[in-house]
Ligand SMILES: [Zn+2]
């Protein structure tokens with residue numbers, strides 16, 4: 001049944017704001033945006049709200065949410081991974097699932113309607129799929145020994161063949177990083193992504209140690225692999241940057257590259273190969289990084305940038321409104337409009353999801369912020385207001401949720 005939603009203002013993210021109008025949602029889609037009409041659909045009165053597309057959290061690891069506040073930035077990246085592996089392996093299934101559900105609630109409260117999640121354990125796919133986000137669930141794969149590539153790929157292909165996700169969910173592939181995936185595994189996963197037409201993502205150029213690993217000038221990640229019996233004696237450092245290396249393996253085309261803190265020298269090939277990127281503001285801040293993704297330059301070059309929370313192993317919250325404010329703090333030369341675009345349309349385009357803007361025929365994934373009657377500022381400023389920790393209206397695929405509150409100060 002069609003639903004009419006009256007609004008005070010609407011940020012479409014693909015045109016000018018619309019004021020004092022209404023939109024009709026029908027069969028999960030936005031069917032009409034107009035000034036008040038005689039349409040007799042059931043009416044939801046949000047005439048005190050700013051509506052906009054729901055946020056797209058383009059990079060997360062919900063399976064690590066139970067690590068909340070258990071880790072702190074370590075002396076080295078390898079030490080942080082050591083601590084992560086140790087605490088993560090001691091987690092029971094129950095606390096992991098509890099963490100996933102709590103993390104999802106926090107994201108929803110803060111307006112996330114669509115999600116790109118790295119899923120390291122295939123058993124968790126149904127748990128994450130049923131949370132109700134529009135999503136790409138990336139099968140995260142680690143394996144530095146070439147001899148294991150074939151078997152790992154077979155297992156991944158079984159999951160792709162079975163694909164039992166809900167209509168809102170889609171599978172993707174995520175070789176973890178250049179220092180944790182063998183060249184053979186990268187190539188095979190790239191071929192599978194092509195064969196099954198699914199998005200491919202990877203953590204890329206996150207840390208100087210990764211560049212040193214590929215150029216044999218830093219052995220901290222090699223030591224980590226050796227002590228975990230995961231080292232490959234046949235490995236020959238390619239002497240390339242992470243982006244050049246992935247290009248040589250034929251998997252750079254349309255890759256969704258996470259972090260990209262150290263890619264300034266590779267921007268031509270990033271642009272040429274239509275790589276999209278995901279910036280994780282609070283994770284970047286948590287690690288205290290001073291060299292991080294050159295977002296202004298990427299936007300100027302027409303390279304897609306989305307926003308992500310990353311996991312609670314390197315962030316203290318999955319609240320997406322906090323990510324917007326941290327993005328503004330870290331990127332003084334990027335406007336609020338651009339940050340909101342990265343958080344909505346940019347994320348949708350990066351993940352290939354039919355959301356991120358409010359337009360006729362588009363999926364009805366909407367959020368709303370209650371506005372005091374006296375409000376006279378820019379609509380673009382509302383999500384950045386420091387007192388806002390949650391949204392007042394939430395809808396995925398045309399189904400409103402019961403997040404509406406009666407307290408306009410929230
Ligand atoms: Zn990550």
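Only the coordinates and a few stated rules stand behind these numbers; no lab work does. Source: prediction; values computed, not measured. Here the Cβ is made from the backbone with ideal geometry for all residues, glycine too, and neighbour counts use every protein chain on show.
With a Förster radius of 22 Å applied to the C-beta separation of residue 227 and residue 150, the computed FRET efficiency comes to 0.30.
Within the listed set 152, 50, 255, the residue fluctuating most in the Gaussian network model of the chain (springs between alpha-carbon atoms under 10 angstrom) is 152.
Plainly put, region 1-62 has a radius of gyration that is 1.05 times its Kirkwood radius, both from alpha-carbon atoms, as the Rg/Rh ratio. The length gained by stretching the chain between residue 194 and residue 265 to full extension, at 0.36 nm per residue less their Cα-Cα distance, is 22.8 nm. Our note on the geometry: Cα centres of region 1-35 and region 179-209, 39 Å apart.
As a length-normalised measure over Cα pairs under 8 Å and 6 or more apart, the relative contact order of the chain settles at 22 percent. Computed with the Debye formula from one identical point scatterer per Cα of region 86-155, without solvent, the log10 of I(q)/I(0) at q = 0.12, 0.24, 0.25, 0.26 Å⁻¹ comes to -0.41, -1.13, -1.17, -1.22. Computed over the alpha-carbon pairs of region 280-386, the distance histogram in 10 Å steps reads 13, 42, 35, 10, 0 percent, short to long.
Apply the Kirkwood formula to the chain: the hydrodynamic radius equals the inverse of the mean of 1/r over all pairs of different alpha-carbon atoms; give it in Å with one decimal. Write out the running numbers ahead of the final one.
Details: mean 1/r = 0.0458 Å⁻¹.
The Cα-based Kirkwood calculation yields 21.9 Å.
Largest GNM mean-square fluctuation among 318, 124, 185, using the chain with Cα springs under 10 Å: 124.
Would you mind calculating the relative contact order of region 92-239 from Cα pairs under 8 angstrom and at least 6 residues apart, reporting the percent as a whole number? Once divided by the residue count of region 92-239, the mean separation gives 20 percent.
For the residues 151, 244, 209, a GNM of the chain with alpha-carbon springs under 10 Å puts the largest fluctuation on 151.
With R₀ set to 22 Å, the beta-carbon distance separating residue 335 from residue 376 gives a calculated FRET efficiency near 0.65. Axis of helix 320-330 versus longest Cα principal axis of the chain: the two differ by about 70°, to the nearest ten degrees. What whole number of Å gives the distance from the Cα centroid of region 357-373 to the Cα centroid of region 212-235? Distance between centres, Cα-based: 48 Å. Only helical runs count toward this figure. For the chain, summing -39,500 (n - 2.57) over DSSP H runs of n ≥ 4 and dividing by all residues gives -8500 deg cm²/dmol at 222 nm. The mean sequence separation of alpha-carbon pairs under 8 Å and at least six residues apart, normalised by the residue count of region 4-56, gives a relative contact order of 46 percent.
Using a Förster distance of 22 Å, how high is the FRET efficiency between residue 328 and residue 291, based on the Cβ-Cβ distance and rounded to 0.05? Let's see the in-between values first.
Values: r = 19 Å, r/R0 = 0.88.
About 0.70, to the nearest 0.05.
Centroid-to-centroid, using Cα positions, region 55-83 and region 89-163 are 15 Å apart.
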